[in-house]
1. For the range 50-125, state which trypsin sites (Lys or Arg not before Pro) are in a DSSP loop and have at most 15 other beta carbons lying within 10 Å of their beta carbon.
2. What dipole magnitude, in Debye to the nearest 20, does the chain give about its Cα centre under +1 on Lys/Arg Cβ and -1 on Asp/Glu Cβ?
3. So which chymotrypsin sites (Phe, Trp or Tyr not before Pro) in the range 67-147 pass both tests, a DSSP loop state and at most 13 other Cβ atoms within 10 Å of the Cβ?
4. Residues in the range 110-131, backbone N under 16 Å from the label point at PHE53 (7 Å along the Cα-to-beta-carbon vector): list them, ranges by number please.
5. Could you check which residue among PHE53, PHE22, PHE33 shows the biggest mean-square fluctuation in a GNM of the chain with a 10 Å Cα cutoff?
6. Starting from 0 in steps of 10 Å, tell me what percent of the Cα-Cα pairs of the chain lands in each bin.
7. Using a Gaussian network model on the chain with a 10 Å cutoff between Cα atoms, which of GLU20, GLU38, GLU107 fluctuates the most?
8. Would you kindly state how much longer the chain becomes between LYS106 and LYS44 on full extension, computed as 0.36 nm times their sequence separation minus their alpha carbon distance, in nm to one decimal?
Amino acid sequence: MDTQVTTEIKILSPAPEVFEAFVDPDKIGGFWFSSSSERWEQGKTITIRYDEFETEGLIKVLEVEKNRKIVFSWGFEENDERDVTISLKELDNTSTIIEVIESGFKEEDPQIVDKMIGQKGGWVYALTCLKGYLENGATNLRASILK
């Protein structure tokens, strides 16, 4: 079984703007988490918060290639850590393809299908919020989905 989910979207913004939206703690709140404790850099452990849901978690930044790739691990349940690779491919100076691959779902987990479907939906939503944020300045989409 393929234990990863892949999500892609095209955003009408150059790769440096897309990259900064993820790694800059002042920008990430515009589309994804309420806050990020600091700039995402390789080797750092970052605290991410969802104020609306009164929860927080840790991500471990494993690799950063400026304007091209961000790799991190996360897990909100014990022994359920997964790796996420965000790749940016700039098509021209005005648009970027973003590919997110989340891997490491455990085949023996009886909830694997629900978790994979949930994460796929979550990535589609987060990237759609990013698109609205970067293309139209929309900052009120984040945390609107309830289930």
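Every number here is computed from the coordinates shown, using simple stated rules; none is lab data. It should be emphasised that the depicted structure is a prediction, and the values quoted were computed from it without experimental measurement. Backbone-built Cβ (ideal geometry, glycine too); neighbour counts: all protein chains shown.
1. Details: sites: LYS60, LYS66, ARG68, LYS69, ARG82, LYS89, LYS106, LYS115, LYS120; in loops: LYS66, ARG68, LYS106.
Passing both the DSSP loop test and the Cβ count: LYS66, ARG68, LYS106.
2. Numbers: 17 positive and 28 negative charges, 84 e Å.
It comes to approximately 400 debye.
3. When the chymotrypsin sites (Phe, Trp or Tyr not before Pro) of the range 67-147 are filtered for loop state and at most 13 Cβ neighbours within 10 Å, PHE76 remain.
4. Backbone N within reach: 114-130.
5. Checking each option, the largest mean-square fluctuation is seen for PHE53.
6. Bin by bin from 0 Å, the calculated values are 11, 42, 38, 8, 0.
7. Of GLU20, GLU38, GLU107, the Gaussian network model singles out GLU107 as fluctuating most.
8. Details: separation 62, 0.36 × 62 = 22.32 nm, distance 2.52 nm.
Difference between extended and current length: 19.8 nm.
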